[in-house]
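Heads up: the structure comes next, in structure tokens.
All of the numbers you see were taken from the coordinates with simple rules; none came from a lab. Please read all numbers here as calculations on a predicted model, not as lab measurements. A quick note on method: Cβ atoms are made from the backbone with ideal geometry, for glycine too, and the neighbour counts reach across all protein chains shown.
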Ligand SMILES: C[S@@+](CC[C@H](N)C(=O)[O-])C[C@H]1O[C@@H](n2cnc3c(N)ncnc32)[C@H](O)[C@@H]1O
């Protein structure tokens, strides 16, 4: 199973009623979710205008919004918030995580890079920051009222953490 299939199966297993997909890129996850029969409400957010325009072109029936993970706020909550493949690129990743928890009523799924070396910084991908996280780095961001339901290390071209946070009842 490749990484995207793994994420899809994780989302479908939870069967959320609504998803906020922060850093949705061109919306590839929602198309796969629809192909798999998921029929919940979806909103995708990304900071890159071209990606949002492409996402709207490819999936005109879905909602896509131009926005910054660190500052976006919605006037509603979502059953599940996805923060996949973005916090490694952000200096201020804690703000993005705070926002994700704020906009979720049930689950937050975070994916980021992992390494045994802890924090390391390097410039690649055209100068984007790539930060590596330890398990503790992510788990400690869990706010009061939330628990860590699952932490998995996915081994691939890069090792990645996938963490599922759950709002305690
Ligand atoms: C590596 S891609 C991940 C895409 C998708 N979430 C996935 O997991 O396949 C990183 C995405 O983060 C977006 N991005 C970077 N900084 C962002 C920010 N501050 N707020 C929202 N999106 C951001 C980029 O435009 C890009 O679409």
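For the reader, a short list of remarks on this structure follows.
- Here residue 1 and residue 58 are evaluated by their C-beta separation; at R0 = 25 Å the FRET efficiency comes out at 0.55.
- Over the chain, DSSP H runs of length four or greater, each weighted -39,500 (n - 2.57), average out per residue to a 222 nm ellipticity of -7500 deg cm²/dmol.
- Rg and Dmax, both from the Cα atoms of region 25-96 and both in Å, are 12.5, 36.
- Spacing of the two label points (7 Å from each Cα toward its C-beta) at residue 71 and residue 32, in nm: 3.1
- Here the relative contact order of the chain, from alpha carbon pairs under 8 Å that lie six or more residues apart, stands at 17 percent.
- For the chain, projected area of the alpha-carbon convex hull averaged over all directions, nm²: 9.6
- Taking region 1-20 and a reference point 7 angstrom along Cα→Cβ of residue 158, the backbone N atoms nearer than 19 Å belong to 2-8.
- Computed packing ranks the peptides 9-18, 75-84 as 75-84, 9-18, most packed first, by mean other Cβ atoms within 10 Å.
- Of the residues 155, 89, 28, the one with the fewest other Cβ atoms within 10 Å heads the list, and the complete ranking is 155, 28, 89.
- Antiparallel content of DSSP bridges confined to region 3-167, in %, to 5: 50
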